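> One structure follows; several queries about it will come next.
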Amino acid sequence: MKRLMQPRVIASWATVCLPLAWGAYATLQRALALFT
Amino acid sequence: MSNAAALAASTAAAPQAWSRWLVPPAALAVHLSIGQLYAFSVFNEPLTRVIGVDARAAGDWRLTDVGWIFSLAIVVLGLTAAFAGPWIERVGPRRALALAACCFGGGFAVSAVGVLTHQIVLLYAGYGVLGGLGLGLGYVTPVTVLVKWFPDRRGLAAGLAIMGFGGGALIAAPLSVSLMQLFRSATSVGVAETFLAMGCLYFAAIGAGAAAIRLPAPDWRPEGWTPPPGRVEANGAAPGEALRAPQFWLLWLVLCLNVAAGIGVLGQASVMIQEAFPGRVGAEAAAGFVGLLSLFNMAGRLFWSAVSDWIGRRATYCVFFAAGAALYACVPFAGSLGSVALFVVGYALIISMFGGGFAAFPAYVSDLFGTRAFAPIYGRLLTAWSTAGVLGPVLINYLREHQIARGVAPAEAYTLTMYVLACVLVAGFACNALIRPVRSGGGKR
């Protein structure tokens, strides 16, 4: 757990997760058309 | 240290204090980039009006010409994964990923020149061949490293990277559309400029992954972890031994049958939901359905790979095949009941297990054959993916046309197909049930 919480590790994860979260958000917005 | 020396040091073990949790983000950076492949279809229509810009003009490429770019990339990906394994093990992951960055980024640049000069052969050579090489190297290399760093959580670690391959399209599709709108002008559809921008972006992202990735020392183990009894570790099978073992061919069939059942549905999802609910689900809502399936494909890769660490690889695939077959058999009832929600939930679960089948597979391979020659063995098994990529869509399209030719209504044309796919998964269940641990030298324990 100590090695998981290093700033460098957190920064690396944030760098790859942010674009992924943006892509998932854009896709979910489009998917809402199915139920509205 | 010069670049060449830095790359040459790629086979050196990571420093003692190195956190293995730095490896999954590096692997994700690569897989999120090459996952762009599944969003390539957004370029298809604009590429058919490069000359006419607003509408297709004389001399513009046909959709069938453009479709070959994606097919070629998939074939070269499979061939590279199958044959580059020994080279990747020899030169190490950093050099392999540096080449992947050059090939994938370079493929976009060559394709941009092809669009500007209107020579489709440059798109075949660029994205298809050069890009396909980058895809193959970029797919196998990070997984090879992750299974070595996470012997205690192989499923989750490989699943994280392979989740990136599923998620790459979620980023690339909206990004490509936005860039094409940005670069569009009275004389250009904006594809060439978008290719150049994306080539630079992906070169940087894969290059960053190459710079960040490290291999563990050969005798490295997580603190406090001992291999479970019977587990094949670093002294696993050589590629030749693996090829002689029945487990190799059973695994090949397991991957092929699981992918064939899912990939056909994925390719036809938009048409299928519109035909199942005529007048109720339009093109825009169908695009939403496709997007939702992509999300479940990605989430399934993470969820099921983590589950495989908990209940074991063989049990996980038993769940995929048994639950998948039951869902395929039940989904036509959701259509006949007129329930869009049940239909969507059924397919979302099926596609989550399709993604999970990809994600838990590297761990299954390394559990059986160890990590000594993981890249060559895993790469050769990925030919099952290429085979299923051809078989699955052919099966689903042929059965649908056959049903419609017999006078079956389009809304019910997929019913027989779903039953056939359920049978495909039952065959996969039998293959998986026959898999037994490998003893050193191949064969059954």
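> Okay, helix-only estimate at 222 nm for chain B: each DSSP H run of n ≥ 4 adds -39500 (n - 2.57), divide by all residues, round to 500 deg cm²/dmol; what do you get?
It lands at -24000 deg cm²/dmol.
> Turning to a different aspect of this structure: So, with +1 on the Cβ of K and R and -1 on the Cβ of D and E, and no other charges, what is the size of the charge dipole of the protein assembly as shown about its Cα centre, to the nearest 20 debye?
Rounded to the nearest 20 debye, it is 1280 debye.
> Using a basic spin-label model with each label point 7 Å from the Cα along Cα→Cβ, how many nm lie between B:GLN16 and B:HIS118?
Going from the B:GLN16 label point to the B:HIS118 one covers 6.6 nm.
> Hey, another quick one. Between B:VAL75 and A:GLN6, what is the label-to-label distance in nm when each label sits 7 Å out along the Cα-to-Cβ direction?
Reported label-point gap for B:VAL75 and A:GLN6 is 4.5 nm.
> Here's another thing I want to ask about it. State, to one decimal in nm, how far the label point of B:CYS330 lies from the label point of B:CYS200, with both points 7 Å from Cα in the Cβ direction.
Result for the modelled spin labels: 5.1 nm.
> Another one. Placing +1 on the Cβ of each Lys and Arg and -1 on the Cβ of each Asp and Glu in the protein assembly as shown, which of B:LEU196, B:SER386, A:LEU28 has its Cα farthest towards the positive end of the resulting dipole?
B:SER386
> Please list, ordered by chain and number, the residues whose modelled amide H lies under 5 Å from the amide H of B:LEU215; skip anything fewer than 5 residues away on the same chain.
B:ALA14
> Please build a GNM for chain B, connecting alpha carbons under 10 Å apart, and tell me which residue among B:ALA26, B:ALA411, B:ALA205 fluctuates the most.
Highest fluctuation among the options: B:ALA411.
> Can you work out the Karplus-derived ³J(HN,Hα) for every residue in region B:219-229? Use 6.51 cos²θ - 1.76 cosθ + 1.60 with θ = phi - 60°, whole Hz, and x for glycine or proline.
9, 6, 9, x, 4, x, 9, 10, x, x, x
> Under a 10 Å cutoff between Cα atoms, tell me which one of B:ALA161, B:ALA287, B:ALA384 has the largest fluctuation in the Gaussian network model of chain B.
Sorting by GNM fluctuation, first place goes to B:ALA287.
> Using +1 at the Cβ of each Lys and Arg and -1 at the Cβ of each Asp and Glu in the protein assembly as shown, identify which of B:TYR347, B:VAL110, B:PRO362 lies farthest towards the dipole's positive end.
The residue sitting farthest along the positive end of the dipole is B:PRO362.
> Specify the residue with the greatest mean-square fluctuation among B:ILE404, B:ILE273, B:ILE162, computed from a Gaussian network of chain B linking alpha-carbon atoms under 10 Å apart.
Largest GNM mean-square fluctuation: B:ILE404.
> Need the C-alpha centroid separation for region B:171-220 versus region B:313-345, integer Å.
The distance from the Cα centre of region B:171-220 to that of region B:313-345 comes to 36 Å.
> What order do you get for B:TRP252, B:TRP225 when you list them from fewest to most C-beta neighbours inside 10 Å?
With the fewest neighbours first, B:TRP252, B:TRP225 line up as B:TRP225, B:TRP252.
> Same structure again: How much FRET efficiency would the formula 1/(1 + (r/R0)^6) give for B:HIS402 and B:LEU243, where r is the Cβ-Cβ distance and R0 is 25 Å, rounded to 0.05?
For B:HIS402 and B:LEU243, the calculated efficiency is 0.10.
> Follow-up. In peptide B:274-284, how many Cβ atoms from other protein chains are near each Cβ within 10 Å, on average?
1
> For B:SER336, B:SER33, B:SER19, which order do you get if you count the other beta carbons within 10 Å of each Cβ and list the fewest first?
If I rank by nearby Cβ atoms, fewest first, I get B:SER336, B:SER19, B:SER33.
> Sticking with this structure for a sec: Of all the stretches in chain B, which is the longest one without any exposed loop site, taking GluC sites (Glu not before Pro) in a DSSP loop (any state but H, G, I, E, B) with at most 15 other Cβ atoms within 10 Å?
My reading of the result: B:1-222 is the longest stretch.
Values in this text are rule-based calculations from the coordinates and carry no lab data. Here the structure is a predicted model, which means the values were calculated and not measured. FYI the Cβ positions are ideal-geometry reconstructions off the backbone, even for glycines, and counts take in every protein chain you see.
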